[in-house]
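Accompanying notes for the structure given below.
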Amino acid sequence: MPSEEVIFQDKVDREIRIEPKDWMPADYRKTLIRQISQHAHSEIVGMLPEGHWITRAPTLKRKATLIAKVQDEAGHGLYLYAAAETLGITRDEMVDQLHAGKAKYSSIFNYPTLTWADIGAIGWLVDGAAIMNQVPLTRTSYGPYARAMVRICKEESFHQRQGFEILLVLSRGSKEQKAMCQDAINRWWWPSVMMFGPNDESSPHTAQSMKWKVKRFTNDELRQRFIDICADQVKVLGMQLPDPDLKWNEETQHYDFGPINWEEFWQVVNGNGPCNKERMTARIKAHEEGQWVREAALAFAGKMSSRAGVRG
Amino acid sequence: MSIAYILHLADNALVLGHRNSEWTGHGPILEQDIALSNISLDLIGQARNLYQYAATLIGNGATEDTLAYLRDENEYKNCLLVELPNGHWGTTIMRQFLFSAYQHPLYERLSDSNDENLNAIARKSLKEVTYHLRWSSEWVIRLGQGTAESRAKMTDAVNDLWPYTQDLLLHSPEEKEKWQERVQSIFKHASLNIPADVKMISGGFEGKHTSHLVEMLNEMQHLQRTYPGVEW
């Protein structure tokens, strides 16, 4: 009889989804918990930089759209926490890991949102990069994760179009608005390019994740695809990407691009980005100040069920 | 219906929607963060409909955005209750409840209004407000009965907000009785008391606001005021 491991890999190879009750290698489970919880945390921490502009959005329509967007991110966090919970970890445990600095979230959210144009740039570039990463995840081997991603990707592509549209309006606006637009692109471009993670040769988990079909494309493949698309889209805005080496290459049929500052990437990953402290402080504050609310809700639920028990 | 009264309804909805949206991303429980953001969205949506209607009556190039972004605080007609800072989660919940208990009978009445525009806005909004009222009532009861700490916090919230309740109802005498009944009934379930001998504060409709509204508008109107006349 084939071993459980062989049966598992055979299912993966035949594109049969792995479901919560199926046998799976311990490392597969561990990898998924790490990846899905990181993804969930990114959604929740990602609410902060954009949420920062809700009270200052320049029109009522923009305000409503931004609230809806940030709220969508909270919803994504919820589905993802639920997907991770199917692997045998609780939301509370994951949140504690985040607050203790044991779990990571996407480094992109450790950059500040300085102007309204940043809301556009986040939508266009950050959500654009996220979609590039996430669309293949709708076919990832773990069922609950794949299904969560289907819903998330639909909403993300909507956000991306909204972001681009914010920049489009600014790019056709006053001198100040155009400058705001270019400045935001300058600041968000390289951090977005880094969202795909280290180069393939420095990404130790890639081979295993590809074999398990948790991942379907390498970091560098996805990064190239993102750069190719943005290099064309930026022309519609009449703006520049801040990379003097960016050039179409007839031979490869891709854009060449300049060197990535990996020193900065690792600095931010390791907690030294411009807003790492601020983001964690805000999350921990919300959690601690909400403690009494959660306790009261729990106590009330307890009272209700004991009353129901007496009646029953 | 007078333009002033429509603006009063619109300003109420916008200012409370804005205040609630300050919680987005900072709520005590993810599901409730989403719920309160939803209420914000509903209120801002109501404000937009009401401003759009007011703008057609005002003319002179008025739009929802000129009304929201280019009026000073002394032109704002919202009740004082909605402009107060959020305080803790319990204060936000209590305020939402006191407000929804007013807005629900208000939109019920306006659903029968002869004014077709207002009638349509009220009908659409009533569905939303029914949910706001249920959600906030449930939370008032939950926190009123939860723990000693939550009860103390809710008692503080009632005491802090009660002085502004007269101002809330001043221009809607028709809603007063239903509001009182609802508040009494939910407070009873929550084991909370209505404070006695409170000195009431009013003046929102006439543009006499607290400094909190000035600060809120400074932030909200910043871009429109700094870069006038451009598209966003």
#### Entry: Neighbour cut-off at most 12 other Cβ (10 Å), DSSP loop, GluC sites (Glu not before Pro), region A:203-283
A:Glu250, A:Glu251
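Set the Förster distance to 22 Å, then compute FRET efficiency between B:Arg134 and B:Glu177 from the Cβ-Cβ distance, nearest 0.05. Present the calculation step by step, with values, prior to reporting the outcome.
Details: r = 20 Å, r/R0 = 0.92.
Once rounded, the FRET efficiency stands at 0.60.
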### Task
Return the sequence-ordered ³J(HN,Hα) values of region A:53-60 in whole Hz as given by the Karplus equation 6.51 cos²θ - 1.76 cosθ + 1.60 applied to θ = phi - 60°, using x for Gly and Pro.
9, 4, 6, 10, 4, x, 9, 5
### Summary
A student applying the Cα gyration tensor rule (rounded when a/c is under 1.5; otherwise prolate if a/b is larger than b/c, oblate if not) would label region B:56-110 oblate
### Task
Output ³J(HN,Hα) for region A:71-83: one whole-Hz value per residue in order, computed from phi by the Karplus curve 6.51 cos²θ - 1.76 cosθ + 1.60 with θ = phi - 60°, and x for Gly and Pro.
5, 4, 5, 4, x, 4, x, 4, 4, 6, 4, 5, 5
### Message
Between A:Glu201 and A:Arg294, what is the label-point separation in nm under the 7 Å Cα-to-beta-carbon projection?
### Response
4.5
### Query
Any idea how far apart A:Glu264 and B:Ile29 come out in nm if each label point goes 7 Å out from Cα toward Cβ?
4.2
### Task
Would you please give the residues with an amide H less than 5 Å from that of A:His254, counting only those at least 5 places away or on a separate chain, with H modeled from the backbone geometry?
A:Asn249
### Query
Which helices count as membrane-span-like in chain B under these terms: full DSSP H, at least 18 Å along the axis by C-alpha, Kyte-Doolittle mean of 0.0 or more?
B:3-21, B:30-58
### Query
Ordered by residue, what ³J(HN,Hα) values in Hz, to whole numbers, does region A:304-309 give under the Karplus form 6.51 cos²θ - 1.76 cosθ + 1.60, where θ = phi - 60° and Gly and Pro are x?
5, 6, 6, 5, 4, x
### Task
Determine the calculated [θ] at 222 nm for chain B from helices alone, applying -39500 (n - 2.57) to every DSSP H run no shorter than 4 residues and normalising by the residue count; nearest 500 deg cm²/dmol.
-22500 deg cm²/dmol
### Message
Between A:Glu251 and A:Ala301, how high is the FRET efficiency from 1/(1 + (r/R0)^6) when r is the Cβ-Cβ distance and R₀ = 51 Å? Nearest 0.05.
### Response
0.20
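Give the order of A:Arg139, A:Arg56 when sorted by the count of other beta carbons within 10 angstrom, beginning with the fewest. Mind dumping the intermediate values first?
Details: A:Arg139 13, A:Arg56 18.
Fewest-to-most ranking of A:Arg139, A:Arg56: A:Arg139, A:Arg56.
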## Note on the structure
With only helices counted (DSSP H, runs n ≥ 4, each -39500 (n - 2.57)), the per-residue ellipticity at 222 nm for chain A, to the nearest 500, works out to -20500 deg cm²/dmol
### Summary
If A:Ile119, B:Ile201 are placed from fewest to most neighbouring beta carbons inside 10 Å, the sequence is B:Ile201, A:Ile119
### Query
Hey, with R₀ at 35 Å, roughly what FRET efficiency would A:Asp10 and A:Val150 work out to, going by the Cβ-Cβ distance, to 0.05?
0.90
## Note on the structure
Env charge @ B:Glu138, Cβ radius under 15 Å, K,R +1 / D,E -1, value +4
### Total lysine pairs under 23 Å (Cα atoms) in region A:1-154, excluding pairs fewer than 8 apart on one chain
10
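Any read-out appearing in this document is the output of simple, stated calculations on the displayed coordinates, not a laboratory observation. Owing to the predicted nature of the structure, the values given are computational and were not obtained by experimental measurement. Backbone-built Cβ (ideal geometry, glycine too); neighbour counts: all protein chains shown.
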